1. Helix 65-82 sits at what angle to the longest principal axis of the chain, using alpha carbons and giving 0 to 90 degrees rounded to 10?
2. Which value, in nm² and rounded to one decimal, describes the direction-averaged projected area of the C-alpha convex hull of the stretch 52-92?
3. If we count other beta carbons within 10 Å of each Cβ, what is the order of ILE78, ILE6, fewest first?
4. Report the gain in length on full extension from LYS3 to SER111: 0.36 nm times residue separation, minus Cα-Cα distance, nm rounded to one decimal.
5. For helix 35-49, what angle does its Cα long axis make with the longest principal axis of the chain, in degrees from 0 to 90 and rounded to 10?
6. Kindly work out what percent of the DSSP beta bridges joining two residues of the chain are antiparallel, to the nearest 5.
7. Tell me, Kirkwood radius of the stretch 21-128 from alpha-carbon pair distances, in Å?
8. Would you list LEU39, LEU127, LEU25 from fewest to most Cβ contacts within 10 Å?
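Rule-based calculations on the coordinates, nothing more; no lab input. Note that this is a predicted model, so its numbers are computed, not measured. Cβ atoms come from the backbone with ideal geometry, glycine included; neighbour counts cover every protein chain shown.
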Amino acid sequence: MQKFDILVISIANPILVGVYSDGKLEQEIKVEGMTSDVLPTIFDDILTKYKQLNTICYVNGPGSYMAIKIAYVFLKTIAITKQIPLLATSGFAFNNNSPIKALGKKYFFNSLDDTIKIDFLEDKSKLEEFFLPKTLDKDIFTDENIPSYNLPAV
């Protein structure tokens, strides 16, 4: 029986979910809304249509703290109940390393040494939208899947 990989990008709107077969994007789901409202509906459809899941991959940060928390708890629950791996990676892998909205007028930036900083967006900065890759490279994911909030010091 064919197994499928799922990729979830829920740190910004629209929420993106890709279904991959043999590493190739088979279905792209793009929905506006809050993660808590949208993710259960999307996964109800996915789990009905695709009986065998190989892995669930998700973006564990940086981005909306609440979206990251909700996605993690929801996806971890599915991973445990279905006994499949939950893998994670940074959101910068799916927006061409563009700044990601943080709090207020601040954004997360990924530096050359892969440290994440928070700063104001410069006028010349270009923001890229998140995208689902046509092929899923699982080498960029890790099984260290806890959320990466990148919270600034208070």
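1. 20 degrees
2. On the way: hull surface 11.0 nm².
The number I arrive at for the stretch 52-92 is 2.7 nm².
3. Listing ILE78, ILE6 from fewest to most nearby Cβ atoms yields ILE78, ILE6.
4. Working: separation 108, 0.36 × 108 = 38.88 nm, distance 3.60 nm.
Gain on extension, LYS3 to SER111, equals 35.3 nm.
5. That works out to roughly 30 degrees.
6. Beta bridges within the chain, antiparallel portion: roughly 70 percent.
7. Working: mean 1/r = 0.0637 Å⁻¹.
Mean inverse Cα-Cα distance, inverted, gives 15.7 Å.
8. Ranked by crowding around the Cβ, least crowded first: LEU127, LEU25, LEU39.
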